[in-house]
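J.: First the structure, which I've put down as structure tokens, then a few questions once you've had a look.
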Amino acid sequence: FEYDSYNVQQEDLSKIKDVGEWMKANGGARIVVEGHCDERGTVEYNLALGQKRADVVKNHLTKLGIDEKRVRIISFGKEMPAVPGHTEEAWAKNRRVNFAIDQKG
């Protein structure tokens, strides 16, 4: 994601499509879409932005035919960076959505 944005970048749409195809092939599977942000901004702001990022990805999955009940979203804001550091390169990698198998079912 770009800074301060929850718009999915064109080059990432194929990744979401791949997850959707996997879900279609694994009809009983449920996933969690985790929204993440870089370290800039307040905790509250980043939690809200991470939620929007996860929600927009969930919406893309439902447009691909995935039942929304199979997709749970959560925001971690800036609390779980993928890459340590205080550079634009690190921040860009931390503005992301991760997918996980939903263990809560």
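The values are calculated or read from the model by the stated rules, or taken from the named source; none is laboratory data. Fair warning: this is a prediction, and the values are worked out from it, not measured in the lab. So basically every Cβ, Gly included, is an ideal-geometry build from the backbone, and we count neighbours across all protein chains shown. Heavy atoms of the whole protein, side chains included, go into the accessibility calculation; ligands, DNA and RNA do not. Shrake-Rupley method; radii C 1.70, N 1.55, O 1.52, S 1.80 Å.
J.: Please tell me if Asn26 is surrounded by 14 or more Cβ atoms within 10 Å (Cβ to Cβ) and either under 20 Å from Tyr3 (Cβ atoms) or of a type in the set (S, T, N, Q) (or both).
T.: Working: surrounded by 14 or more Cβ atoms within 10 Å (Cβ to Cβ): no; either under 20 Å from Tyr3 (Cβ atoms) or of a type in the set (S, T, N, Q) (or both): yes.
So Asn26 does not fit the description; no.
J.: Please find, within region 22-41, the residue that is farthest from Asn94 (Cα to Cα) out of those that are touching a strand residue (DSSP E or B) at 6+ places or on another chain (Cβ under 9 Å) and in a loop (DSSP other than H, G, I, E, B).
T.: Result: Ala29.
J.: For Asp12, state whether it is open to solvent by less than 50 Å² (accessible area, probe 1.4 Å), of a type in the set (D, E, K, R) and not in a helix (DSSP H, G or I).
T.: no
J.: Please go through region 52-78 and pick out each residue that is surrounded by fewer than 17 Cβ atoms within 10 Å (Cβ to Cβ), of a type in the set (Gly, Ala, Ser) and in a strand (DSSP E or B).
T.: none
J.: Let me ask another. Mind checking which pairs have a first residue in region 3-18 that is over 22 Å from Gly77 (Cα atoms) and modelled with pLDDT of 95 or more and a second that is hydrophobic (A, V, I, L, M, F, W, C) and surrounded by 13 or more Cβ atoms within 10 Å (Cβ to Cβ), Cβ under 8 Å, 6 or more apart or different chains?
T.: Pairs found: Lys17/Leu64.
J.: Within region 69-105, work out how many residues are at positive phi and in contact (Cβ under 8 Å) with a residue 24 or more places away in the chain. First the steps, then the outcome.
T.: Step one: of region 69-105, the residues at positive phi are 77, 85, 105.
Going one step further and asking which of them are in contact (Cβ under 8 Å) with a residue 24 or more places away in the chain, we end up with 77, 105.
Total satisfying the criteria: 2.
J.: When the residues of region 29-51 are narrowed to those that are of a type in the set (D, E, K, R) and surrounded by 14 or more Cβ atoms within 10 Å (Cβ to Cβ), which ends up nearest to the chain's Cα centre (by Cα)?
T.: If we take residues in region 29-51 being of a type in the set (D, E, K, R) and surrounded by 14 or more Cβ atoms within 10 Å (Cβ to Cβ), then Glu34 is nearest to the chain's Cα centre (by Cα).
J.: Considering each of Gly41, Gly27 in turn, give the residue that is of a type outside the set (Ser, Thr, Tyr) and on the phi < 0 side of the Ramachandran plot.
T.: Gly27
J.: Ok, one more. Take Lys93 and decide whether it is over 11 Å from the mean Cα position of the chain (by Cα) and modelled with pLDDT of 95 or more.
T.: yes
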